[in-house]
Every structure is written in C-alpha cells, then in structure tokens.
Amino acid sequence: MATRPKRSTLLKVGAGVITLTVLIAILIGPSLTIQGVPVAIIIKFLQDDPARDAYFSENKQDLHNRLQELEIEEEIKAFYRPQIRDEVELDQHIHQIFYDTTGYVGKAYKVNAQDTLVLRDRYYERWYPLAYKAGVVVDSVFENGAHYVISPDGTVAPYPQVARSFPIKLLKQLIQLNSDASVSPG
C-alpha cells in the first residue's frame, strides 16, 4: 500500500513540473531565441518538410526560397523591429542570423574577413565596370569599408565623389562616343 501514495506524489510532482514548464514557455517563449531565431519560428520551420529537407541537405537556395514562402524573414524582422528601428540595420541583422545558422548569403550582402555580412554597394557594382570601360578609372581599392578609384593620371579618390561627376548615363555616352570614334574612318 505504500507505493500508492508514492505514485500519487510522483504524479502530482510531474504534473506540477509540466504545468510550470508550460507557464514558463508561455511567459518567456515569445522572447526566447536560439541562435537569434525566436523559438516559435524554429517550431514553424521544423514542422515544414520542404524547409527541413532543404536545410539538412544543405541546399541553401531552396532553403532561402522556402523561408521566403513561409514568410519567416518577415516574422523575424517583426520580432526584432522594436529593438532595431533602422530598416537597413534590421535587414542586415536578420541576414546575419540566416548566414550564421544556414550559411546562406543574400545577394545584397558579402562576407568580410571577420565572417560578418556587409551590404554590397549595388550602384558601385554597376558603375565601376562602365567607368573602367569609359577610361574614367584604371583601378580601384577597397580600404576601411570604402571603395576608392584611381584615375588614369594616378589620382585616388572616393568612388562616390567620382560617381557624382560621372553618373552611369554619362559613362554610357562616353563609351558610345569612344566606340563611334574607334570605328569611324580616320
């Protein structure tokens, strides 16, 4: 007969532990994260077969596409938005979390030597090849997180300064003029 009270006590303790765990999860759960990802989002992710398959097969592009379909990026942004008000900073923070947890690097970012994502300058990526082809610059250097360009006479200047003087439209015109001049009979 002594086992019955022990079993009853154990059941009550077990029920109490479960109840306490559920209450803690309800109270803390919304702010609890694992590697920066809210637990509720991890549970949503784990319940999705295509997302799990892409993650465990290390198919980063399929995983990214599936996370977009599940609107997980937006949910994580909503979670962090009260703490990070600047949208560019918020986007970079979320993509850093994705990179740290999955290895995925979004098109707008590149990884620096410290394994941190930095925003690509999309305008520079379009501008520099045209500036080079037009003969406005002959080389470039990336120092202290900034692009510098070198003119044909060796002058080094911050790329934004030169890009203001030579916008893409003007560079295309210069390239066309150089092309026309090289094909016309001399």
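Coordinate-derived values only; no laboratory data. Since this is a predicted model, take the numbers as computed values, not measurements. Cβ: placed from backbone, ideal geometry, glycine included. Neighbour counts: every protein chain shown.
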Fill in: For Glu74, net neighbour charge (Lys/Arg +1, Asp/Glu -1) across residues whose Cβ lies under 13 Å away
-3
Item to complete: May I ask you to sort Ile175, Ile76, Ile43 by Cβ crowding, counting other Cβ atoms within 10 Å and putting the fewest first?
Response: Ile43, Ile175, Ile76
Item to complete: Report the local net charge at Leu171: Lys and Arg +1, Asp and Glu -1, summed over other residues whose C-beta lies under 11 Å from its C-beta.
Response: +4
Practice prompt. Treating the angle as unsigned and between 0 and 90°, give the value, to the nearest 10°, between the Cα long axis of helix 122-134 and the longest Cα principal axis of the chain.
Written response: 20 degrees
Fill in: From the coordinates shown, Cα Rg over 2.2 N^0.38 Å corresponds to which of (i) 1.72; (ii) 1.17; (iii) 1.04
(i)
Discussion item. Spelling out what I want: for every residue of the range 59-74, take phi, set θ = phi - 60°, compute 6.51 cos²θ - 1.76 cosθ + 1.60 (Karplus), and round to whole Hz; glycine and proline get x.
Written reply: 8, 5, 5, 5, 4, 4, 4, 5, 5, 5, 4, 7, 6, 5, 4, 5
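Quick check: residue separation of Ser8 and Leu177 times 0.36 nm, minus the Cα distance between them. What number comes out in nm?
Length difference between fully extended and current span is 51.6 nm.
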Response to the item:
Shape call for the range 33-113, from the Cα gyration tensor axes a ≥ b ≥ c (a/c under 1.5 means rounded, otherwise prolate when a/b beats b/c, else oblate), comes out oblate
Worksheet item: Long-range amide H contacts for Tyr109: which residues qualify at under 5 Å (H placed 1.01 Å from N, peptide plane, sequence gap of 5 or more or a different chain)?
Response: Arg120
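Calculate for the chain the 222 nm mean residue ellipticity that helices alone would give, adding -39,500 (n - 2.57) per DSSP H run of length 4 or more and normalising by residue count, nearest 500 deg cm²/dmol.
My calculation for the chain gives -19000 deg cm²/dmol from helical runs alone.
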Item to complete: Hey, could you grab the Kirkwood Rh for the range 105-156? Inverse mean 1/r over distinct alpha carbon pairs, Å, one decimal.
Response: 12.2 Å
Discussion item. If I fit a long axis through the Cα atoms of helix 87-102 and take the longest principal axis of the Cα atoms of the chain, what angle between them do I get, 0 to 90°, rounded to 10?
Written reply: 70 degrees
Worksheet entry | Environment charge at Gly14 (Cβ cut-off 14 Å; Lys +1, Arg +1, Asp -1, Glu -1) | +3
Worksheet item: Going down the list Lys107/Lys172; Lys133/Lys169; Lys110/Lys169, which pairs span over 19 Å between their C-alpha atoms?
Response: Lys107/Lys172; Lys110/Lys169
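Give me the extension gain from Ser151 to Ser57: residue separation times 0.36 nm, minus the current Cα-Cα distance, reported in nm with one decimal.
29.1 nm
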Item to complete: Sort Val13, Val138, Val162 so that the residue with the fewest other Cβ atoms within 10 Å of its own Cβ comes first and the one with the most comes last.
Response: Val13, Val138, Val162
